[in-house]
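What follows is a set of notes on a single structure, which appears directly below.
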Amino acid sequence: MATPVFFGDIMSKRLLKRDPVTGKETWFHAEDGKHIVTSSQNIDALIAKNKEEANEFRPGSLIGNTQNHRRKVADIPASLYHELVHKMGQPQDNPKEWRKWLNDYDNRFFRTDQGTI
């Protein structure tokens, strides 16, 4: 765990937790008398992996394969996934909104295949 950084008597920011597997960091700081906890995650490796998988995707590759009934369409960081579940509900409960989000051009970096869902 990181050592807190102090400026005079006021604590600036303190690292609470760092997950080496996911790269997620959780920070604590006080601002205007309020305690604030924030999380951040570096997703550069995930985006690079998603891009590689999307480039390897071949449309129609599941045709005739009776053992492969599903395909991976996206890889989303857990923190973002939980935020989306809170906003839109579970994918199986609201597939229309999830398809819309996954097909949105701004979210293309999370896709692991090409085309639309």
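The values are calculated or read from the model by the stated rules, or taken from the named source; none is laboratory data. Quantities reported herein were computed from a predicted structural model and do not represent experimental measurements. Neighbour counts run over all protein chains shown; Cβ positions are idealised from the backbone, glycine included.
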Quiz prompt | Candidates ARG70, ARG108 - the one that is in a loop (DSSP other than H, G, I, E, B), without any contact (Cβ under 8 Å) to a residue 24 or more places away in the chain and among the basic types (Lys, Arg) | solution = ARG70
Quiz item: Of the numbered conditions (1) assigned to a helix (DSSP H, G or I); (2) touching a residue at least 12 places away in the same chain (Cβ under 8 Å); (3) of a type in the set (Gly, Ala, Ser), ALA48 satisfies every one except a single condition; which is it?
Solution: (2)
Quiz prompt | Candidates PRO91, PRO20, PRO59 - the one that is part of a loop (DSSP other than H, G, I, E, B) and in contact with a helix residue (DSSP H, G or I) (Cβ under 6 Å, 6 or more places away or on another chain) | solution = PRO91
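Rundown of residues vs (1) closer than 27 Å to PHE110 by Cα; (2) surrounded by fewer than 15 Cβ atoms within 10 Å (Cβ to Cβ); (3) at pLDDT 85 or above; (4) not acidic (Asp, Glu), yes/no style:
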{"position": "MET1", "(1), (2), (3), (4)": "no, yes, no, yes"}
{"position": "ARG14", "(1), (2), (3), (4)": "no, no, yes, yes"}
{"position": "ARG18", "(1), (2), (3), (4)": "yes, yes, yes, yes"}
{"position": "GLU31", "(1), (2), (3), (4)": "no, yes, yes, no"}
{"position": "GLY60", "(1), (2), (3), (4)": "yes, yes, no, yes"}
{"position": "ALA74", "(1), (2), (3), (4)": "yes, no, yes, yes"}
Quiz prompt | Residue tally, condition closer than 30 Å to GLN114 by Cα and either in contact with a Leu (Cβ under 7 Å, 6 or more places away or on another chain) or of a type in the set (A, V, I, L, M) (or both), over region 30-59 | solution = 6
Exercise. Could you list, in sequence order, all residues of region 71-117 that are closer than 19 Å to ASN50 by Cα and among the β-branched types (Val, Ile, Thr)?
Key: VAL73, ILE76, THR112, THR116, ILE117
